[in-house]
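The values are calculated or read from the model by the stated rules, or taken from the named source; none is laboratory data. Nothing here was measured: the structure is a model prediction, and the numbers come from that model. So basically every Cβ, Gly included, is an ideal-geometry build from the backbone, and we count neighbours across all protein chains shown.
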């Protein structure tokens, strides 16, 4: 893996993290009072933050790992496509803060989608994977990536016909988010993770794979029910929740025979990252399962803290936890320094603390208590640990005296 490409992903993540910190600061102290020459709007910065984190960090890191592990012949097209995709990411991060969804930002978003379609074609044609289960997970991830982009294409017609406040528009956004996070990202990290485990029971894997596919599709009914309520949506989501619980059980069964050996051979810092990722995966299943209770489903929609907390649980805990673990297990044999460890711990402590604050405040709203003392300032101060951690990780790899990392 080329060091410069990894550094690009970390820079994207650092910028996105700083934008997120700016959003937290905007509540702790009014943003417009301190950036008068640049008339930034909160919603526009939020779009830049989310696009930078999702497409500049997660997407491109998965790009690098998938090409590295599953593409034996590294043709120049993969580097060229990476840089073209990065141009699209830079364009979005520069244009969204100042204009929101407009001609320039939409053009770069479209460019990214086109690049992703070409990436799907290249990986589908050229991957070489001996394990059938891993191949199925990778193909499912690519299919879900394609499905998620349908939500983006629907935004234009939805806005033109019914407006941006319509259920159609909101469901289109949820279509993109749901199948990006729960489909493309989740199945991709599972493909990369399970390559460590020789899956010897195809029956268990088939049940795991099919139930997880079913759960991913059916649980989309929950956000649909938020904006277009219908009793059938609750039943469909409940069926998806049950399938997800079954998938969770068989996931454990797949890991169990080989877990001791895998864990014993992992280094402490890598164990920390894997621990965060796997605990977040379990929490994701538990929280989604709780939406089978109507009151929990209403509470999740009504109080924004729970929605943001869940998105960050998946994005920062589950997905980023796995990405950090993959990175650490492949580079720690040659890269060991305190700065890297402090960066990982800083990031995860910031993640855990902000999640706790969001959840506590969400329950405070639900119970009618109101805002907890110094809520916005506490959220901002602990959020500093997130970009600080990313910066330290970036500097650790920047100072490493090699141009490539040999991954296994």
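The condition of being surrounded by 15 or more Cβ atoms within 10 Å (Cβ to Cβ) and at pLDDT below 85 holds for only one of 320, 331, 354, that being 331.
Only residues that are closer than 29 Å to residue 210 by Cα and buried (at least 17 other Cβ atoms within 10 Å of the Cβ) were counted in segment 144-167, giving 8. Within segment 291-308, the set of residues being within 23 Å of residue 320 (Cβ to Cβ) and surrounded by fewer than 18 Cβ atoms within 10 Å (Cβ to Cβ) comprises 304, 307, 308. In summary, helices (runs of 4 or more DSSP H) completely within segment 1-111 and bearing 1 or more residues that are surrounded by fewer than 21 Cβ atoms within 10 Å (Cβ to Cβ), out of contact with any helix residue (DSSP H, G or I) (no Cβ under 6 Å at 6 or more places or on another chain) and modelled with pLDDT under 90 occur at 3-28, 42-51, 76-99. Of all residues in segment 350-369, those satisfying the criterion of being in contact with a helix residue (DSSP H, G or I) (Cβ under 7 Å, 6 or more places away or on another chain) and free of Cβ contacts under 8 Å to residues at least 40 places away in the same chain are 350, 353, 357.
Within the group 218, 245, 175, which residue is under 25 Å from residue 63 (Cβ atoms) and at pLDDT 90 or above? None of the others qualify; the one that does is 175. Considering only residues that are outside any helix (DSSP H, G or I) and over 27 Å from residue 46 (Cβ atoms), look in segment 290-308 and name the one that is nearest to the chain's Cα centre (by Cα). Going through the qualifying residues, I end up with 292. Would it be correct to say that residue 1 is closer than 29 Å to residue 347 by Cα and touching a strand residue (DSSP E or B) at 6+ places or on another chain (Cβ under 9 Å)? For residue 1, the condition - closer than 29 Å to residue 347 by Cα and touching a strand residue (DSSP E or B) at 6+ places or on another chain (Cβ under 9 Å) - is met. Residues in segment 124-133 that are touching a residue at least 12 places away in the same chain (Cβ under 8 Å) and closer than 18 Å to residue 64 by Cα: 124, 126, 127, 128, 129.
Taking the conditions exactly as written (modelled with pLDDT of 85 or more and crowded, with 20+ Cβ neighbours inside 10 Å), does residue 363 satisfy them or not? Here the answer is no, as residue 363 does not meet what is asked. Among the criteria (1) in contact (Cβ under 8 Å) with a residue 24 or more places away in the chain; (2) within 24 Å of residue 120 (Cα to Cα); (3) surrounded by 19 or more Cβ atoms within 10 Å (Cβ to Cβ), the one residue 136 does not fulfil is (3). Scanning segment 80-111 for residues that are over 20 Å from residue 17 (Cα atoms) and either under 20 Å from the mean Cα position of the chain (by Cα) or without any contact (Cβ under 8 Å) to a residue 40 or more places away in the chain (or both) turns up 80, 82, 83, 84, 102, 103, 104, 106, 107, 108, 110, 111. The sole residue among 349, 311 that is assigned to a helix (DSSP H, G or I), under 22 Å from residue 281 (Cα atoms) and at pLDDT below 95 is 311.
Taking helices (runs of 4 or more DSSP H) as the structural unit, those lying wholly within segment 175-289 and holding at least 1 residues that are in contact (Cβ under 8 Å) with a residue 40 or more places away in the chain and closer than 24 Å to residue 133 by Cα correspond to 186-194, 202-218, 231-255, 259-265. Here residue 362 does not qualify as under 21 Å from residue 11 (Cα atoms) and under 23 Å from the mean Cα position of the chain (by Cα).
Among the criteria (1) at pLDDT 90 or above; (2) surrounded by 14 or more Cβ atoms within 10 Å (Cβ to Cβ), the one residue 259 does not fulfil is (2).
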